[in-house]
Amino acid sequence: MTLKPYSFSLLAAVSLLFLSSCEDDNDGDTNAQTGIQAPATYSFERNGESTVSYSGQTTRLAMGAELNAAMLDFTKSNADLQAMYANADANGNDVDPFTDPSLNASTKSLRSKTAASYLYFNSNATESAAIKTSFRDLLENQVSEISPNANRPAAAGVAGQIADGSSARYVSAQGLEYNQAFGKGLIGALVLDQIANNYLDAGVLDAGTNRADNDASTLLEGKNYTNMEHKWDEAYGYLFGGAADGAAPLATLGSDDDFLNKYLARVDADEDFTGIAADIFNAFKLGRAALVEGDYDLRDAQANIIREKLSLVVAVRTVYYLQAGKNTMAAGDTGTAFHDLSEAYGFVLSLRFTHNPATGEPYFNAAEVQAFIDDLMGDGANGLWDVKATTLDAIANDIATRFNFSLNEAS
């Protein structure tokens with residue numbers, strides 16, 4: 001993968017630090033440096049009507065929830081699962097793969113937005129296609145390997161089910177739950193990538209005449225918002241689009257979807273990271289208010305806060321599951337260990353889509369992520385059945401060090 005070099009002058013760095021230092025505590029007060037007022041909730045109006053719209057993101061989150069559940073419905077065929085992922089059959093024809101009629105009526109799909117950000121994949125179609133194929137393969141493997149063996153006890157080198165308390169986990173011959181790898185991987189490849197590397201990127205926000213149109217309040221045809229306002233809202237929708245109250249989503253944080261929203265709540269509940277959810281919500285509000293006022297420096301500072309903190313969420317949960325898997329494996333609880341490590345596997349995949357504002361690139365590139373996967377599955381011929389505690393610690397330490405937190409903080 002080749003990314004454009006990131007130019008970051010000393011003046012820009014100082015300005016960003018100055019702008020960023022005061023907004024984390026903003027909950028509706030005036031920003032001290034700019035005088036821009038962020039609302040108490042994510043509510044923005046023009047002529048008495050809301051300008052906020054992110055229905056497409058709500059739809060994709062709902063599609064993801066149905067597909068995640070369908071992976072454990074062993075009556076589903078590969079064609080069924082692939083149709084849910086693409087919202088079309090193998091020939092691109094319109095089908096009705098979902099139980100929710102509104103999803104069937106939608107032109108949206110999960111596949112089209114997987115590894116599809118402007119910043120990382122606009123000139124990198126080869127890797128984007130390869131990543132889409134890897135998610136397709138996880139669905140195919142679930143049907144070809146897991147479904148026919150769902151009632152067989154799993155063992156090293158043998159796909160099947162394995163007890164996890166009162167639950168059963170369905171693992172490959174290498175101990176991997178494909179459904180967990182798929183769902184947690186999609187947190188990065190779809191949700192984080194679209195937020196951090198697409199809709200919050202200046203290449204999307206400022207595309208074409210967006211700045212001039214935003215300054216002139218030129219609205220999209222038939223809409224009550226500018227294109228720039230809508231792009232920012234679409235980023236917001238990937239995180240909060242499942243909330244019962246989208247204007248005040250923190251009240252139900254963690255219960256609104258099984259993607260990034262859920263794990264933001266988990267990290268926020270850790271006393272070492274308490275407040276991160278409010279920081280992100282406040283940055284979304286202030287950034288939206290800033291772009292309405294035409295303050296694009298402040299907008300971009302808020303975008304970078306969101307990028308950095310959401311990337312941190314993915315890193316913390318990756319380390320958490322690596323350490324949880326190590327501990328449950330040591331306790332002899334293999335089913336729980338494989339579940340934890342399968343979640344870790346998916347979160348490792350998601351590291352590829354993080355965004356470091358200081359470089360404009362992922363905290364871990366594609367080769368580094370693949371090396372983690374190779375290490376995780378490579379201690380023996382049977383993958384997770386053979387993984388060593390030292391391997392899990394080494395991967396976890398590399399991630400924690402890059403993000404400057406400790407294993408104890410994440411655990």
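The values are calculated or read from the model by the stated rules, or taken from the named source; none is laboratory data. Computed from a prediction, not measured in an experiment: that's the story for all the values here. FYI the Cβ positions are ideal-geometry reconstructions off the backbone, even for glycines, and counts take in every protein chain you see. Ligands, DNA and RNA are excluded from the accessible area calculation, which covers all protein heavy atoms including side chains. Shrake-Rupley method; radii C 1.70, N 1.55, O 1.52, S 1.80 Å.
Out of curiosity, is Thr274 on the phi < 0 side of the Ramachandran plot, modelled with pLDDT of 95 or more and not in a helix (DSSP H, G or I)?
Numbers: on the phi < 0 side of the Ramachandran plot: yes; modelled with pLDDT of 95 or more: yes; not in a helix (DSSP H, G or I): yes.
When the stated conditions are applied, Thr274 passes them.
Contact map, the range 124-144: residues that are without any contact (Cβ under 8 Å) to a residue 12 or more places away in the chain paired with residues that are open to solvent by 40 Å² or more (accessible area, probe 1.4 Å) and not in a helix (DSSP H, G or I), Cβ distance under 9 Å, separation 6+ or inter-chain. Pairs shown: Thr126/Met1.
The condition (being of a type in the set (Ser, Thr, Tyr), open to solvent by less than 50 Å² (accessible area, probe 1.4 Å) and within 24 Å of Ile187 (Cβ to Cβ)) is satisfied by just one residue among Tyr238, Tyr225: Tyr238. The condition (being among the basic types (Lys, Arg), at pLDDT 95 or above, part of a helix (DSSP H, G or I) and in contact with a Phe, Trp or Tyr (Cβ under 6 Å, 6 or more places away or on another chain)) is satisfied by just one residue among Arg288, Arg299: Arg288.
Of the residues Lys108, Lys132, which single one is surrounded by fewer than 18 Cβ atoms within 10 Å (Cβ to Cβ), within 21 Å of the chain's Cα centre (by Cα) and of a type outside the set (A, V, I, L, M, F, W, C)?
Numbers: Lys132 fails: surrounded by fewer than 18 Cβ atoms within 10 Å (Cβ to Cβ).
After ruling out the rest, the residue left standing is Lys108.
Out of the range 356-367, which residues are open to solvent by 20 Å² or more (accessible area, probe 1.4 Å) and either in a loop (DSSP other than H, G, I, E, B) or free of Cβ contacts under 8 Å to residues at least 12 places away in the same chain (or both)?
Taking the range 356-367 as the starting set, the residues that turn out to be open to solvent by 20 Å² or more (accessible area, probe 1.4 Å) are 356, 358-359, 361, 363, 365-367.
Within the range 356-367, Ala358, Thr359, Tyr363, Asn365, Ala367 meet the criteria.
Condition check: modelled with pLDDT of 95 or more, under 21 Å from Leu200 (Cβ atoms), of a type outside the set (Ser, Thr, Tyr) and not in a helix (DSSP H, G or I). Does Gly332 satisfy that? It is false that Gly332 is modelled with pLDDT of 95 or more, under 21 Å from Leu200 (Cβ atoms), of a type outside the set (Ser, Thr, Tyr) and not in a helix (DSSP H, G or I). Contact map, the range 230-257: residues that are within 10 Å of Tyr199 (Cα to Cα) paired with residues that are open to solvent by 20 Å² or more (accessible area, probe 1.4 Å) and charged (D, E, K, R), Cβ distance under 8 Å, separation 6+ or inter-chain. Pairs shown: His230/Lys223.
For the range 160-171, state whether one or more residues are touching a Ser or Thr at 6+ places or on another chain (Cβ under 9 Å), open to solvent by less than 50 Å² (accessible area, probe 1.4 Å), assigned to a helix (DSSP H, G or I) and of a type outside the set (Gly, Ala, Ser). The answer is no, given that none of the residues of the range 160-171 is touching a Ser or Thr at 6+ places or on another chain (Cβ under 9 Å), open to solvent by less than 50 Å² (accessible area, probe 1.4 Å), assigned to a helix (DSSP H, G or I) and of a type outside the set (Gly, Ala, Ser).
Yes or no: the range 324-333 includes at least one residue that is open to solvent by 10 Å² or more (accessible area, probe 1.4 Å), farther than 27 Å from Leu119 by Cα, without any contact (Cβ under 8 Å) to a residue 24 or more places away in the chain and of a type in the set (A, V, I, L, M, F, W, C). Yes: the range 324-333 contains one or more residues that are open to solvent by 10 Å² or more (accessible area, probe 1.4 Å), farther than 27 Å from Leu119 by Cα, without any contact (Cβ under 8 Å) to a residue 24 or more places away in the chain and of a type in the set (A, V, I, L, M, F, W, C). Every condition in (1) outside any loop (DSSP other than H, G, I, E, B); (2) under 17 Å from Thr58 (Cα atoms); (3) open to solvent by 50 Å² or more (accessible area, probe 1.4 Å); (4) not acidic (Asp, Glu) holds for Arg266 except the one numbered (2).
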